[in-house]
1. Filter the helices (runs of 4 or more DSSP H) completely within the range A:287-406 down to those with at least 3 residues that are open to solvent by 40 Å² or more (accessible area, probe 1.4 Å).
2. Could you check the range B:218-253 and list, in sequence order, the residues that are within 14 Å of another protein chain (Cβ to nearest Cβ) and in contact (Cβ under 8 Å) with a residue 40 or more places away in the chain?
3. Which residues, counting only those in the range A:242-274, are closer than 16 Å to B:Gly189 by Cβ, outside any strand (DSSP E or B) and more than 14 Å from chain B (Cβ to nearest Cβ)?
4. Can you pull out the residues in the range B:173-203 that are surrounded by fewer than 21 Cβ atoms within 10 Å (Cβ to Cβ), more than 12 Å from chain A (Cβ to nearest Cβ) and either closer than 21 Å to B:Ala259 by Cα or at pLDDT below 90 (or both)?
5. Look at A:Arg184 and say whether it is without any contact (Cβ under 8 Å) to a residue 60 or more places away in the chain, on the phi < 0 side of the Ramachandran plot and either touching a helix residue (DSSP H, G or I) at 6+ places or on another chain (Cβ under 9 Å) or crowded, with 16+ Cβ neighbours inside 10 Å (or both).
6. Given A:Ala416, A:Ala412, A:Ala435, which one is under 28 Å from A:Trp334 (Cβ atoms), open to solvent by less than 30 Å² (accessible area, probe 1.4 Å), touching a Ser or Thr at 6+ places or on another chain (Cβ under 9 Å) and at pLDDT 90 or above?
7. Mind listing just one residue for me: the one in the range B:398-416 that is touching a Phe, Trp or Tyr at 6+ places or on another chain (Cβ under 8 Å) and at pLDDT 85 or above and, of those, farthest from the other protein chains (Cβ to nearest Cβ)?
8. Got a sec? Which of A:Arg184, A:Arg158 is in contact with an Asp or Glu (Cβ under 8 Å, 6 or more places away or on another chain) and among the basic types (Lys, Arg)?
Amino acid sequence: MTETGGTTPPATPDASEGAAAGDGTTAPGGTGRLGPPSWLALVFLLPALLFLGAYLVYPILFSAYRSLWDASGTEFVGLDNYLKMFTTPSTFVALRNNVIWVVVAPIVVTIAGLIFAVLTERIRWSTAFKIVIFMPMAISFLASGVIFRLVYEQDPERGLANAVITTVQDTVSAAAAYPDANPRPGAPLAEASGGGYESTEEVSPGETVFLPLVGVQADELPEGAEPAAEAAVGGQDELTGTVWLDFTRGGGGEEGAMDPEELGLPGLEVQAVRDGEVVATAFTENDGTFLLEDVGGGQYTIRLAADNFTEPYRGVTWLGPTLITPAIIGAYLWVWAGFAMVLIAAGLAAIPREALEAARVDGATEWQVFRRVTVPLLSPVLLVVFVTLMIYVLKIFDLVLVIAPGSVQADANVLALQMWRVSFGGGNDQGMGSALAVFLLVLVVPAMIFQIRRFRQESQ
Amino acid sequence: MSEHRWNSRGAIAVAAAGALVASACSPGAGPTGGGELGGVELTVAGKWTGVEQEGFEAVLASFEEETGASVSYESTGEDTGAYLGPKIEAGEPPDVAVLPQPGLVDEYAEQDALVPLEGEAATTLDEQYTDYWRDLGSVGDETYGVLIKAAHKSLIWYRPGAFDEAGVAAPETWDELTDTTSGTLSDAGITPFAMCGASGWTLTDWFENVYLSEAGPESYDQLAGGELSWTDESVVQTLETLAEIWDEGGMMAGGQSGAVQTDFPTCVTQVYGQEDAAMVFEGDFVSAPAAEAGATVGEDAIAFPFPAVGEEPPVVVAGDIAVAMTEDEGVQELLAYLASADAQSVWAEQGGYLSANSEVTADAYEDEFTQELAQTILDAGENVRYDLSDQVPSAFGATEGAGMWAILQDFLRDPSDPEGTAEELEQAAPES
């Protein structure tokens, strides 16, 4: 459509001129047009016109026609499909996501492209850098989708994004030794208000407490863990006890008792608490025993500090319902940043250097030069990139299909995907699917008209 | 259409040329060529990939060897309906399609996209299969499909190493499973389950097993047939029962949010490869990905029957139904072959396969475990039920991001409102 629209108008004035020139004999020095007559051009254009007619105009018209019929295509339903479309909640989700996409993705990609283009001008290995940034364009959307599906996996052992995040997090604050540990049911331990566990009975100095925990795999205990031992009774101002893994490998151990095969839990932080205040702190030995020294008289609760049980940071749920659309836009950025960069870099190369030099001579800072000179001069290119991206973004499909797991596909839905699902996936309602297709076309048309106008203006 | 015509014309030409060559040379065909279908080209579409695809291609290869036809297999991916829909619309269907749901047989039969079974294929189905299986592939009076691969969907796979470490045995009732088995595993520091929440069909299988056992076969049929509302008390009860496992983040690897992102067969890898969990619920076909993850099926990958929630333990089966979509030469022969005990014995050798053909003997299977599985399907008798989500229209029972799949995924993410979930199911269910 665009090409025929663009080429026909200039052809008409030429035709009359050509006809005039053709009438006269050889007009030396005249303005007569050189070359073959215009009907020949039409002949050569005919295959393209036929092709566009068969593969573009006809499908559009047929989709519009088909959208007025029901699922099987046998019954005329008028505008029912359109009514149904706008009253289905899933279309709204798709529409909302499309709006997010159209607003966010082109801006982010254009800005990233601009930054890359400006920066690559300044570095020595700019070509190598540009190739690397541009490379994702050479990978199909489907393959990019598969790559990012893996990158965004929740499990840090599989997903790159979470592997990076959890590694950084672990260096900042190390993971707790016993995240899954919990008291053996029936043990004199209860969840403490500030996290961790505390003894349900109060003890006084000189007494010994035995605290059974479960939920830790014996293989995962810190190295050097020894069979649990009963702590010796301490002195007048001491509290002693044992924290151990009350689970015999293979089962069969007695609950609450220290069976011979059961191991102590080393390195656990134990606190003596009186009136809500921590009076003494100790760490368990390799056999699980601990000794709290220098406690005065009175009643104490023994608390296993919350730090022992902090859940390890599991990273970000990229593929969950809330983050899925931003995550896919991230993948889109990875693919398209190179395209934006190359176009903008070409525009940048065409900017007259004198303008920049003049601004610098006048004492403008680099930021001012960029903001007041470079960007305004680049704005036509930026606009073209932006509008092109908008058109592409409106019909986004493959990345969403591949990256979003089945469980969040409803949350990540976009119009093009909805169209495909309705037409071919399960429902097989091609009437409704056509209605969605027509709707999508209507949304793309303004951007197309804008683009065509720009091209016209440029050619004038 | 035109391509088909060309194909068959080409096939005749090639066959004629082959005949000339054969008559010109010595009598009797070579070791690979010849056969009565020499030169015939057929396409088969099914959802299998990976190991399952290799197993099926071995069967196709033996058909090629026997008849001289050449058969190419194309994988439809998980969404068979989405793959076949446009092809049927365009008049370019594969010659034979393997449909994962009886719902699709009905759907395509209504669209006149199927060719009824004839000749040897029909006789094989009559003689070697029970009425139950034959009815499954029939619409009205016409028989269209033959169940060429059955799946036992009432199994819970476990890692014996984990069970030994915790000192637990396979449970026989649901309460034992949720209390003793899972509780003791948790105490031993082992996550009980790996869930395949991103693959919605595994969640519908959970539902079906609990529902069949808890509400009984009659209610199951009524629910499948649309005679019982999804807001019925029995459905809510089943969802509540499921929540006993689904509502506990500690019960599953990665918690609930990790579970809804884990697809099948990644969840199998979590049990047998990464050893992050002790049990994974799914059908007999788990054996293939389990073996791929490095486990030896029967030794360190074992399954126990889905425990009884109500009075009887459930036996839910599913299966893949082969149908003819064109009238081309060789199509009925291929179907007859696929239905035969011979072909299925070849398949059985490949592993990860169960036959519904009564004449496939138990010793056709490579291991004792599969032999037992085959026996349970035959023994379960009248209480066997076909996968419910595959009996309802696929828009409700088998579509990514919609219907049962999506609603149960939401329920796994947040199982706090069984009544609300039942209500959602009722609204998504097709009116009948």
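1. Once the helices (runs of 4 or more DSSP H) in the range A:287-406 are filtered for at least 3 residues that are open to solvent by 40 Å² or more (accessible area, probe 1.4 Å), what remains is A:324-350, A:353-361, A:375-394.
2. Residues satisfying the conditions are B:Trp246, B:Gly250, B:Met251, B:Met252, B:Ala253.
3. A:Pro266, A:Leu268
4. Residue satisfying the conditions is B:Thr178 alone.
5. When the stated conditions are applied, A:Arg184 does not pass them.
6. A:Ala412
7. Among those residues, the one meeting the criterion is B:Pro415.
8. Exactly one of A:Arg184, A:Arg158 is in contact with an Asp or Glu (Cβ under 8 Å, 6 or more places away or on another chain) and among the basic types (Lys, Arg), namely A:Arg184.
The values are calculated or read from the model by the stated rules, or taken from the named source; none is laboratory data. Note that this is a predicted model, so its numbers are computed, not measured. Quick reminder, even Gly has a Cβ in these numbers, built from the backbone with ideal geometry, and neighbours come from all protein chains shown. Quick note on the areas: whole protein, heavy atoms, side chains included, nothing else; ligands and nucleic acids left out. Shrake-Rupley method; radii C 1.70, N 1.55, O 1.52, S 1.80 Å.
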